[in-house]
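J.: One structure, as structure tokens, below. Some questions next.
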Amino acid sequence: MTWLTFRGPFGSKRFENASVPVLIHTPELKLVKTMMSSEGASLDPGTYVVTARLPAGQEIVRVFEARADVPNCSVDLRGEDEQTPPVEAAEVPAYVAQQRAPNPVVAKRVRRRSYIRKPDPNEFALSSPMPNDVWIAPQPAGVLRCFAGNPLRKTLKEIALPIASTQKSNDIVEYVIAPAAETRWVQCVQPSRAPVNIALPVSRHHGCILTMRREADRFWIDIHLENADATLLLGYQQNRAAREEAVSAERMLEQKLDDPIAAIAAAYSLLRSGELDRLHNWSKHLMDWMPWIPDGAAIRGEHLARLGQHKEAIDAFLAIPDRGVPMFCDGLTFVIDRLRLYSLSGDAPPSAKDAHTQLAEFATWVDFTKVVTTYTGINPAKPEPTVFKGTLPPGTDCAKAFE
């Protein structure tokens, strides 16, 4: 027997202990084992094919030989060209975040080249003088603002962006956002674009990661969790990798998670896959541990509703308006859909219809293709699609962050 372990697939310090699902097949593609890259496995002698898929879609395939005379074997899952660890701030956009499509190719009519006469180089140089000044494309402009409080109760207050530390590369800045015992939102305001508001999934003892990427004409903002395994889990969800997401969520809840935000991410995955038995009392704990987090009530309500305990589910959902908008879009979807059904049935109290109306109106401009709750509007308490025009408000200057 050979004891198999893995190295990688990530090289940065932040993800050095992160784990991804790994499939082990025979050359005939018969599945031998599904495991996480942080685990080990005992294999009979023979040839095996190892496959690991990263959240952003990259697939790593390795073929190795398990030999009876070699008791231990390690398979390297790192990229072929990564001799040195990548820049920490660049690893999430490259391997975890959703890959954005490039700008569309614009069709142009190409003028046919004439072969009648080849121009003389000296003649061409004289007729085409170089300009005195070289035009440089202007840098995009934008600011980051931060708000704390409940958008539904109009209790938001603007605060300084709570940056604990910063990592930089050429076109990426990564901010580590400090922990907080309240719901917080980051807003990105750019000229001629609708301002974007994104939830900051933080808790009393755990922060999150804000990644800002600079492109030719704009800045992109992405939010990732502090827990590396939870970040990978959300990456699989964002990119519709259901098999890898299910395996990751199951392994995460087998551990003793001291990070409630990571536990919330795993609970949402189990609800999506219908693994209610694995939730046990997790949903109750998530609702009771930190009463200011809206997602605990959303998870608890959905769990109870699927168990047929609808009265208790309504009570859980009705706690959400006082807690605020769920930090994850799954929670917002659960509460809106359930309160709509309960309101139509006539069995729910009038407050259920009021809560549904308020949340449904708020969700009109929410981008449900995102994992973390994201919506537009210069006023975070009033979502709307208006493009921003005029002087940028005070805030953290996006362009200066790259200097």
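J.: All but one of (1) in a helix (DSSP H, G or I); (2) within 23 Å of the chain's Cα centre (by Cα); (3) of a type outside the set (Phe, Trp, Tyr) hold for Ala352; state the number of the condition that does not hold.
T.: (2)
J.: Can you name the residue in the stretch 175-195 that is closer than 18 Å to Val143 by Cβ and of a type in the set (D, E, K, R) and is also surrounded by the most Cβ atoms within 10 Å (Cβ to Cβ) among such residues?
T.: Per the criteria, the residue is Arg184.
J.: Quickly run through the stretch 169-183 and pick out the residues that are in a strand (DSSP E or B) and either β-branched (Val, Ile, Thr) or over 19 Å from the mean Cα position of the chain (by Cα) (or both).
T.: The answer is Ile172, Val173, Val176, Ile177.
J.: Here are some residues: Ala97, Ala18. Which one is modelled with pLDDT under 75 and either surrounded by 19 or more Cβ atoms within 10 Å (Cβ to Cβ) or in the same structural domain as Gln237 (by TED's automatic domain parsing) (or both)?
T.: Ala97
To keep it simple, each residue is scored yes or no on (1) touching a Pro at 6+ places or on another chain (Cβ under 8 Å); (2) not in a strand (DSSP E or B).
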position	(1), (2)
Ile24	no, no
Leu29	no, yes
Lys33	no, no
Thr47	yes, no
Ala52	yes, no
Phe64	no, no
Ala68	yes, yes
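J.: Could you say whether any residue in the stretch 152-161 is over 22 Å from the mean Cα position of the chain (by Cα), buried (at least 18 other Cβ atoms within 10 Å of the Cβ) and assigned to a loop (DSSP other than H, G, I, E, B)?
T.: yes
J.: Out of curiosity, is Asp277 assigned to a loop (DSSP other than H, G, I, E, B) and either of a type in the set (D, E, K, R) or within 19 Å of the chain's Cα centre (by Cα) (or both)?
T.: No, not satisfied.
J.: Moving on to the next point. Being touching a helix residue (DSSP H, G or I) at 6+ places or on another chain (Cβ under 7 Å), modelled with pLDDT of 95 or more and among the hydrophobic types (A, V, I, L, M, F, W, C) is the filter here, so list the residues in the stretch 324-354 that pass it.
T.: Val325, Met327, Phe328, Leu332, Phe334, Val335, Ile336, Leu339, listed by residue number.
J.: Any residue in the stretch 64-76 that's over 25 Å from Glu16 (Cα atoms): show its pairings with residues that are of a type in the set (D, E, K, R) and loosely packed, with under 11 Cβ neighbours inside 10 Å at Cβ separation under 9 Å, as long as the two are six or more apart or on different chains.
T.: Taking only residues 6 or more apart or on different chains, the pairs are Ala66/Asp44; Ala68/Asp44.
J.: Another one. Which one is nearest to Ile159 (Cα to Cα), of the residues in the stretch 361-378 that are surrounded by 15 or more Cβ atoms within 10 Å (Cβ to Cβ) and more than 18 Å from the chain's Cα centre (by Cα)?
T.: Step by step, filter the stretch 361-378, then rank; the result is Ile378.
J.: Might you check whether a residue that is in contact with a strand residue (DSSP E or B) (Cβ under 9 Å, 6 or more places away or on another chain) and of a type in the set (Ser, Thr, Tyr) occurs anywhere in the stretch 378-400?
T.: yes
J.: Which residue pairs have Cβ atoms closer than 7 Å, lie 6 or more positions apart in sequence or on different chains, and pair a first residue in the stretch 33-56 that is within 20 Å of Arg78 (Cα to Cα) with a second residue that is of a type in the set (S, T, N, Q) and outside any loop (DSSP other than H, G, I, E, B)?
T.: Gly40/Thr5
The values are calculated or read from the model by the stated rules, or taken from the named source; none is laboratory data. Please read these numbers as outputs of a predicted model, since none were measured by experiment. Neighbour counts are summed over all protein chains in view; Cβ atoms, including those assigned to glycine, are modelled from backbone coordinates with ideal geometry.
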